[in-house]
Amino acid sequence: MKAMVCTSLGKPLELQDLPLPKPSNDGVVLRVEVCGVCHSDLFHARGHIKGTNTPFIPGHEIVGTIYEMGPDVQGFSVGERVIVYPVFTCGICKECVSGLEHLCDKWYPIGWKIEGRGIDGGFAEYVHVPNFRNILKVEGLNPEEVAPLACAGLTALHALYEAQVHPDDLLVLIGVGGLGHMALQLAKNLMNVTVVAVDIDEKKLSLASKLGADYVINSLKEDPVAFVRKVSGRGADAVIDFVNNSETSKIAFQMLGRGGRHVFVGVYGGVLSIPTAFMVGGSFRLIGSFMGTRRHLMELISLYKRGIVKPMVSSKFKLEEANEAFNKLERGEIEGRSILKP
Ligand code: NAD
C-alpha cells in the first residue's frame, strides 16, 4: 500500500510502498477514504512537539470502509463506512469507566508516536485500527465532511463543555481555523452564546462572520482585550484559545471577567505568567482540554446529521500531495479544514 511517512522530523513526508496491515483479533483494517489534515499532524511531523518518535504515518481524522476484520470483531461487517475515534485507551481504569477515557494513563494516539506510544495513521491507503471499540458507523454520510469530526469537531465540542457556557454568556474563540470554525458553529447553533472570534487572518475572520460570529476582531489591528471589555462591560465569561502561545494565552487571561473560564486547546506553545493572588479575587478557572471522548464523537455525528455542525472543507489533496497540504496549512492558507483522499 502507498503511505506518506514521516521518517525524519522537520523533513518532507516520504511516499513509501508498505505491506498491507493484517488485523489483530479485535482489530479492523480500513481502506482509507478520507483523512483530515490537523495542525497537530503538522506540528508532530515538523518536530514541534517534544517527544515525537519517527518513523510514523500521520493522520488521525480517518473515515474509511472496513476491508478486513479480526475474528473477535462484533457488530461490524466488511464494506461498512466508519469513523475512527483517535484516542486508544485501556477501557478498564477509573477514568475509562467514568467516561473520561481521554484521561486514561495508558492512552495512545493514532497518527503520531510520542515517547514510544502510538500507531500509524490515515495518510495511507489502508490503516489498522487495533480495537473495534474505536470505530463508529457513519454509513450513508459524506466521508469528506465527516472525517474532520474525529478531531477538529471532537476537540471543539469537548472544549465548549469545559468552558461551561450558558446562552447569556460572552465566549471568545481565539484562532478560527480547523478547530475554531467548528467551535463557532457549535457555540452559536447548539449553545446559543454570543461569540467574539479573534484571529490574525482576514479570510478566517470572514468565514467566522459567515458562520455566525457576533463580532470578529483582527488582533493585529485592534486590541481584543479592550474590545471584549467594552462589549461585555465586565470581560469574557469564557475564552477558548485554539492557538495558546505566550501572546494569546496572555490576551485570553487578561480578557476574562470574574469567574471566567480560560480553556487551553492549541499547542503552539509558550508560557503564561499569572499573579497568583489575582486568581482569588477573580475566581478564574484555568482548564487544559485534550481531544474528547467517544460519547462526544457520537454526539457530533448526531449534530452533523441534524445540520447543526458542518466542517467547511476548503481544500482537497491526493495522498501524494500531503506535503503541499502541510505547507499550505503552515502558511495559514487553509480555511476551515483540508483533507487527503488516498
Ligand atoms: P489551524 O491552522 O487550522 O487554525 C489555527 C488558527 O489560528 C488559524 O486560523 C490562524 O490564522 C490562527 N492564529 C494563528 N496565530 C494566531 C494568533 N497569534 N492570534 C490569533 N489567531 C491566530 O489549526 P487547527 O488544526 O485548528 O489546530 C489549532 C491548534 O489546536 C493547534 O495547535 C493544534 O495542534 C491544536 N490541537 C489541539 C488538540 C487538543 O486535544 N487540545 C487537538 C487537535 C489540535
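The values are calculated or read from the model by the stated rules, or taken from the named source; none is laboratory data. The structure presented is a predicted model; accordingly, all values stated were derived computationally and were not measured. Glycine also receives a Cβ, built like all others from the backbone with ideal geometry; neighbour counts cover every protein chain displayed. Surface accessibility is based on the protein's heavy atoms, side chains included, excluding ligands, DNA and RNA. Shrake-Rupley method; radii C 1.70, N 1.55, O 1.52, S 1.80 Å.
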Close pairs from the range 158-180: first under 20 Å from L303 (Cα atoms) and modelled with pLDDT of 95 or more, partner basic (K, R) and within 6 Å of the ligand (Cβ to nearest atom), Cβ under 7 Å, at least 6 apart
V176/K204; G177/K204
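Results for (1) in contact with a strand residue (DSSP E or B) (Cβ under 7 Å, 6 or more places away or on another chain); (2) on the phi > 0 side of the Ramachandran plot; (3) open to solvent by 60 Å² or more (accessible area, probe 1.4 Å), shown as yes or no for each residue.
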{"site": "K310", "(1), (2), (3)": "no, no, yes"}
{"site": "N323", "(1), (2), (3)": "no, no, no"}
{"site": "G332", "(1), (2), (3)": "no, yes, no"}
{"site": "G336", "(1), (2), (3)": "yes, yes, no"}
Given the criteria within 10 Å of the ligand (Cβ to nearest atom) and either at pLDDT below 95 or in a helix (DSSP H, G or I) (or both), does E321 qualify?
no
Quick one: in the range 260-282, of everything that is under 23 Å from G233 (Cβ atoms) and open to solvent by less than 20 Å² (accessible area, probe 1.4 Å), which residue is nearest to the ligand (Cβ to nearest atom)?
V263
Please verify whether the range 278-298 includes one or more residues that are out of contact with any strand residue (DSSP E or B) (no Cβ under 7 Å at 6 or more places or on another chain), assigned to a helix (DSSP H, G or I) and within 16 Å of M182 (Cα to Cα).
yes
Somewhere in the range 28-40, is a residue within 16 Å of the ligand (Cβ to nearest atom), touching a residue at least 24 places away in the same chain (Cβ under 8 Å) and open to solvent by 40 Å² or more (accessible area, probe 1.4 Å)?
yes
Can you tell me which residues in the range 292-308 are surrounded by fewer than 19 Cβ atoms within 10 Å (Cβ to Cβ) and in contact with a Gly (Cβ under 7 Å, 6 or more places away or on another chain)?
R295
Among G178, G140, the single one that is of a type in the set (G, A, S) and on the phi > 0 side of the Ramachandran plot is G140
K221 passes all but one of the listed conditions (1) in a helix (DSSP H, G or I); (2) farther than 15 Å from I287 by Cα; (3) open to solvent by 50 Å² or more (accessible area, probe 1.4 Å); the exception is number (1)
Unique match (being out of contact with any Lys or Arg (no Cβ under 7 Å at 6 or more places or on another chain), more than 12 Å from the ligand (Cβ to nearest atom) and part of a loop (DSSP other than H, G, I, E, B)) among A213, A226
A213
The lone exception for S289 - which of (1) within 16 Å of the ligand (Cβ to nearest atom); (2) open to solvent by 30 Å² or more (accessible area, probe 1.4 Å); (3) among the hydroxyl-bearing types (S, T, Y) it fails
(2)
Only one of (1) more than 13 Å from the ligand (Cβ to nearest atom); (2) open to solvent by 70 Å² or more (accessible area, probe 1.4 Å) fails for V193. Which number is that?
(2)
Please work out which one of (1) surrounded by 15 or more Cβ atoms within 10 Å (Cβ to Cβ); (2) in contact with a Leu (Cβ under 6 Å, 6 or more places away or on another chain) is the condition G47 fails and give its number.
(1)
Looking at the range 160-173, which of the residues that are open to solvent by less than 10 Å² (accessible area, probe 1.4 Å) and under 16 Å from I217 (Cβ atoms) is nearest to the chain's Cα centre (by Cα)?
L173
Only strands (runs of 3 or more DSSP E) wholly contained in the range 60-159 count here; list those with 2 or more residues that are more than 16 Å from the ligand (Cβ to nearest atom) and open to solvent by less than 10 Å² (accessible area, probe 1.4 Å).
61-69, 126-129
Selected residue [within 9 Å of the ligand (Cβ to nearest atom) and open to solvent by less than 10 Å² (accessible area, probe 1.4 Å)] from V243, V198:
V198
